[in-house]
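Read through the structure below, which is laid out as structure tokens, and then see the notes.
The values are calculated or read from the model by the stated rules, or taken from the named source; none is laboratory data. Please read these numbers as outputs of a predicted model, since none were measured by experiment. Methodologically, a virtual Cβ is constructed for each residue, glycine included, from the backbone with ideal geometry; neighbour enumeration extends over all protein chains shown. Accessible surface is based on the protein model in full, side chains and every heavy atom, while ligands, DNA and RNA are left aside. Shrake-Rupley method; radii C 1.70, N 1.55, O 1.52, S 1.80 Å.
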Amino acid sequence: QVQLVESGGGLVQPGGSLRLSCAASRRIFSIYAMGWYRQAPGKQRELVAVITSGSITNYADSVKGRFTISRDNAKNTVDLQMNSLKPEDTAVYYCNVDTRAIIYWGQGTQVTVSS
């Protein structure tokens, strides 16, 4: 069974940066898109950023210009570079891999933006 493992979360001050990484435990074939979602306390899970197999990207309006998603198709990894972090970015961030037939989720990594 494929597992997605996220890393890179933590505590950062407002204005700081973090880089999240996600790797699959084994190769996943026919990936359509890879992405990052987040869920803050008391809120629904929301899309942060997604990148397709053709490298088309889409970002939530709240993170445009601050976050950058990238992927390595050969390694089945997806990263999220987060700059100029704000307290409202505080959430559990989840990695997502969509093959159209199956959707995989990571276990989540906590990002806390606070002074």
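Could you give the alpha-carbon Rg of the range 16-115 over 2.2 N^0.38 Å, rounded to two decimals?
1.03
If R0 is 22 Å, what FRET efficiency do you get for Ser7 and Ser30 from their C-beta distance, rounded to 0.05?
Once the sixth-power term is evaluated, E becomes 0.30.
Quick one: dipole size for the chain, taken about the Cα centre, charges +1 on Lys/Arg Cβ and -1 on Asp/Glu Cβ, in debye to the nearest 20. The partial results should precede the final answer.
Details: 12 positive and 8 negative charges, 34 e Å.
Roughly 160 debye for the chain.
When the accessible area of the chain is split by element with a 1.4 Å probe, what percent falls to carbon and sulfur? Can you show the working numbers first?
On the way: 2990 of 6240 Å².
With neighbouring chains kept in place, the figure for the chain is 48 percent.
Among Ala33, Leu20, Gly8, flag the residue with its Cα farthest along the positive direction of the charge dipole of the chain, charges on Cβ as +1 for Lys/Arg and -1 for Asp/Glu.
My answer, from the dipole projection, is Ala33.
Rounded, prolate or oblate: which fits the range 26-67 when a ≥ b ≥ c are the square roots of the eigenvalues of the alpha-carbon gyration tensor, with rounded for a/c under 1.5 and prolate only if a/b beats b/c?
Cα axes put the range 26-67 in the oblate bin.
Ranked highest first by average number of other Cβ atoms within 10 Å, how do 59-70, 83-94 line up?
Packing order, densest peptide first, comes out as 83-94, 59-70.
Test of understanding: what is the full-extension gain from Glu46 to Ala60, defined as 0.36 nm times their sequence separation minus their Cα-Cα distance?
4.2 nm
Over the chain, what is the mean sequence separation of C-alpha contacts under 8 Å (at least six apart), divided by residue count, expressed as relative contact order in percent? Numbers along the way, then the final one.
Numbers: 282 pairs, mean separation 42.7, N = 115.
Once divided by the residue count of the chain, the mean separation gives 37 percent.
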